[in-house]
Amino acid sequence: MRMIDLIEKKRAGKELTKTEIDFFVKGLTDGTIPDYQVSAFLMTIFYEDMSDEEITALTLAMANSGDVIDLSSINGIKVDKHSTGGVGDTTTIVLAPLVASIGVPVAKMSGRGLGHTGGTIDKLEAIPGFQVELPNDKFIQLVNESQVAVTGQSGDLAPADKTLYALRDVTATVDSIPLIASSIMSKKIASGADAIVLDVTTGDGAFMKNIDDATRLAETMVRIGELAGRRTMAVISDMSQPLGEAIGNSIEIVEAIETLQGKGPEDLTEMVYVLGSQMVVLAGHAKTLEEARGLLVEALESGKALEKFKEMIQNQGGDPDVVDHPEKMGVAKYTIELLAKSSGCVREIQAESIGVAAMLLGAGRKTKEDLIDYTVGVKLHKKVGMDVTEGEPLVTIYANRENVDDVKQMLYDNIEIGETVEEPQLVRKIVT
Ligand code: URA
Ligand code: CA
């Protein structure tokens, strides 16, 4: 078999066989297919698309290109949750202990942030001592004993995806539905969960800018998951503005703690209940979403979920005292208020640019090698649909440099105040 023939076949709009796709992934993984042929192939996929059968074959081949984690020694149905990416997305940090606190095992593998998006693993590292690189046996032991552990992805999970993603990033082929679907699902399948809840984000801060593309991506991933024998469902959620109020690392941990105390932002709390209810039903701990939600509300209001978060921090080597004393994570040197320049309704808070503003302060990485400043970030006091009066604080900037004019400009340029608009609908659609 020759790679050039596969490129030609795909370019002609024909469907590739499983054998051909396996050949491609094998050559990609062992390095026998050069980058220029992989890149040309990616561009033909971008234009010619793939059938469900092709996407499934690609997903499974990538999932099997490295370690496949066996979670069968954990009792019960293991449910994973994955978001296609967002800004200020604090969901996992609340969801993992909350769902675990009602007895559903949560074995969660999360990623780091890059560019304008934050990563759960970076946020958890803001907690002094917190270990995010758990060996597999330790990870499994913690989930068995305590129902919850959150770890970074093991080094050899879906290496074919790692290679492909790096090439997509530099060949303008990231935002292709078959490529995104196979990338995400290959990692989910390799990480061993029995059931998968997907949060497919849509809007300015997401890969999928409109609801039609988000729906297609969600439907594609759900079908692949089911074909691979995993119960899968997706929630399509709004990411036109950041989720919650905090965008940063330690300030998002504080936001998670407040949410677990029942004092969190409304949208983040709702997102946690929506995704959590789906997880609980898929895990077989409730028959209906209403019943599941009831269990979660009870766990949150009774303080059980917050206790589980403390236990999770302790188990992973962190200092659980941060829950009562968040200042133990360190505080930024400067707290600067950004005041509204006019009165009106907040019409738009461009998610991606707000993520970039937080990154400029040091909350994220420009390159993989950059170090993160855990204490910096931005906190939104107004969300889309809320009224604001000239001179009122719009955003608090937490910084370790005195001059933040660049960040202020970025925020002013990307928060629009004007005529009244409706609050955006948080949950757009459920795909099963
Ligand atoms: N997240 C991934 O893991 N892969 C993609 O292609 C897009 C988002
Ligand atoms: Ca947030």
Next on the checklist: Return the residues of the range 68-93 that are open to solvent by less than 10 Å² (accessible area, probe 1.4 Å), closer than 19 Å to Gly276 by Cβ, in a loop (DSSP other than H, G, I, E, B) and within 16 Å of ligand 1 (Cβ to nearest atom); say none if nothing qualifies.
Outcome noted: Gly86
Next on the checklist: Being open to solvent by less than 50 Å² (accessible area, probe 1.4 Å), within 28 Å of Asp213 (Cβ to Cβ) and not in a helix (DSSP H, G or I) is true for just one of Leu16, Leu28. Which residue is that?
Outcome noted: Leu16
Checklist entry - For the range 113-145, what are the residues that are of a type in the set (Gly, Ala, Ser) and surrounded by fewer than 18 Cβ atoms within 10 Å (Cβ to Cβ)? => result Gly115, Gly129
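To keep it simple, each residue is scored yes or no on (1) closer than 18 Å to Thr117 by Cα; (2) assigned to a loop (DSSP other than H, G, I, E, B); (3) more than 16 Å from ligand 2 (Cβ to nearest atom); (4) hydrophobic (A, V, I, L, M, F, W, C).
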{"position": "Thr201", "(1), (2), (3), (4)": "yes, no, no, no"}
{"position": "Arg216", "(1), (2), (3), (4)": "no, no, yes, no"}
{"position": "Ile224", "(1), (2), (3), (4)": "no, no, yes, yes"}
{"position": "Glu258", "(1), (2), (3), (4)": "no, no, no, no"}
{"position": "Val274", "(1), (2), (3), (4)": "no, no, no, yes"}
Item to check | Residue satisfying condition, being away from ligand 1 (no atom under 15 Å from the Cβ) and open to solvent by less than 10 Å² (accessible area, probe 1.4 Å), within set Thr232, Thr220, Thr201, Thr173 | outcome: Thr232
Next on the checklist: Looking only at the range 288-335, count every residue that is of a type in the set (S, T, N, Q) and within 19 Å of Ile121 (Cβ to Cβ) and tell me the total.
Outcome noted: 3
Checklist entry - Considering the range 146-163 alone, what residues qualify as being farther than 20 Å from Glu369 by Cβ and either among the charged types (D, E, K, R) or crowded, with 19+ Cβ neighbours inside 10 Å (or both)? => result Gln147, Val148, Ala149, Val150, Thr151, Asp156, Leu157, Ala158, Ala160, Asp161
Checklist entry - Would it be correct to say that Arg2 is of a type in the set (Lys, Arg) and modelled with pLDDT under 95? => result no
Checklist entry - Is there a residue being out of contact with any helix residue (DSSP H, G or I) (no Cβ under 9 Å at 6 or more places or on another chain), within 24 Å of Ser250 (Cα to Cα) and in a loop (DSSP other than H, G, I, E, B) anywhere in the range 413-420? => result no
Checklist entry - What single numbered condition from (1) free of Cβ contacts under 8 Å to residues at least 40 places away in the same chain; (2) in contact with a strand residue (DSSP E or B) (Cβ under 8 Å, 6 or more places away or on another chain) fails to hold for Ala149? => result (1)
Next on the checklist: Within the range 94-112, take every residue that is within 18 Å of Val280 (Cβ to Cβ) and within 16 Å of ligand 2 (Cβ to nearest atom) and give me the one that is surrounded by the fewest Cβ atoms within 10 Å (Cβ to Cβ).
Outcome noted: Leu95
Checklist entry - Across the range 303-312, which residue is farthest from Gln131 (Cα to Cα) among those that are surrounded by fewer than 22 Cβ atoms within 10 Å (Cβ to Cβ) and either of a type in the set (Lys, Arg) or in contact with a Pro (Cβ under 6 Å, 6 or more places away or on another chain) (or both)? => result Lys304
Checklist entry - Regarding Leu426, is this residue touching a residue at least 60 places away in the same chain (Cβ under 8 Å) and either more than 26 Å from Lys123 (Cα to Cα) or open to solvent by less than 80 Å² (accessible area, probe 1.4 Å) (or both)? => result yes
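The values are calculated or read from the model by the stated rules, or taken from the named source; none is laboratory data. Fair warning: this is a prediction, and the values are worked out from it, not measured in the lab. Note: ideal-geometry Cβ built from the backbone for every residue, glycine included; neighbour counts use all protein chains shown. In case anyone asks, the SASA skips ligands and DNA or RNA and just uses the protein heavy atoms, side chains included. Shrake-Rupley method; radii C 1.70, N 1.55, O 1.52, S 1.80 Å.
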